[in-house]
Amino acid sequence: MLAADPGASIAAIAAEAGVDRRTVYRRFASREELLAAIYEARVEAIERAVEDARLREAPVAVALHRYVEGIIGVNRTWPVELTRMKADETIRGRRDAVIQEVDAFLERATGEGLLRTDTPTAWASSLLPQLMHLASQQLPELTDAQAADMVVDTFLRGLGGR
């Protein structure tokens, strides 16, 4: 609901969830607390997806698919507006750490020949999240794994080693 309407009220959120707004307020003292909990859950899910992908030790093609599949799942489970993830200092720090981990992985993928060497890592780092976001939003009929297949194929055909 918050993905569709970031300004949704607690009353509207409670009604959509099928509970009284007092139930929501018992758990969260304010809308800001609810939003903080949502963003905390999203960043935890992202960190788990990165960890589960084993970006440092799994074969690069396997790690790439695991990562993409995990993030597509996160995007579908927590489809919230991301401006706050960039604005909240704690969340931003954790998000930046994930980005650094993924960038190191993309450099590893380039070094091992999975990605082209004539394309900057920053380009791959910018393109991959956009592809995952598009797959999350525009391919709802596909499972996370099937959507990951599409993203990885698109990513590698555009940036893949020669």
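Residues are listed down the side, and each one gets a yes or a no for (1) hydroxyl-bearing (Ser, Thr, Tyr); (2) under 14 Å from residue 73 (Cβ atoms):
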| position | (1), (2) |
| --- | --- |
| 101 | no, no |
| 115 | no, no |
| 119 | yes, no |
| 130 | no, no |
| 133 | no, yes |
| 138 | no, no |
| 142 | no, yes |
| 158 | no, no |
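Restricting attention to region 117-139, the residues being touching a residue at least 24 places away in the same chain (Cβ under 8 Å) and in a loop (DSSP other than H, G, I, E, B) number 2.
The set of residues in region 107-140 being within 17 Å of residue 46 (Cα to Cα) and either among the charged types (D, E, K, R) or open to solvent by less than 50 Å² (accessible area, probe 1.4 Å) (or both) consists of 125, 128, 131, 132, 135, 136.
Condition (residue is surrounded by 14 or more Cβ atoms within 10 Å (Cβ to Cβ), assigned to a helix (DSSP H, G or I) and of a type in the set (Val, Ile, Thr)) applied to region 55-66: is it met by at least one residue? Yes. Identify, please: which residue in region 100-116 is part of a loop (DSSP other than H, G, I, E, B) and not aliphatic (A, V, I, L, M) and is, among those, nearest to residue 53 (Cα to Cα)? Once the filter is applied, the top-ranked residue is 112. Do you know which residues across region 67-79 are crowded, with 18+ Cβ neighbours inside 10 Å and more than 19 Å from residue 149 (Cβ to Cβ)? Correct list: 78 only.
Contact map, region 1-25: residues that are under 15 Å from residue 35 (Cβ atoms) paired with residues that are of a type in the set (Asp, Glu) and assigned to a helix (DSSP H, G or I), Cβ distance under 6 Å, separation 6+ or inter-chain. Pairs shown: 1/16.
Checked against the criterion of being open to solvent by less than 50 Å² (accessible area, probe 1.4 Å) and of a type outside the set (A, V, I, L, M), region 18-34 has at least one qualifying residue.
The values are calculated or read from the model by the stated rules, or taken from the named source; none is laboratory data. All values reported here derive from a predicted model rather than from experimental measurement. Cβ: placed from backbone, ideal geometry, glycine included. Neighbour counts: every protein chain shown. For accessibility, only protein heavy atoms count, side chains too; no ligands or nucleic acids. Shrake-Rupley method; radii C 1.70, N 1.55, O 1.52, S 1.80 Å.
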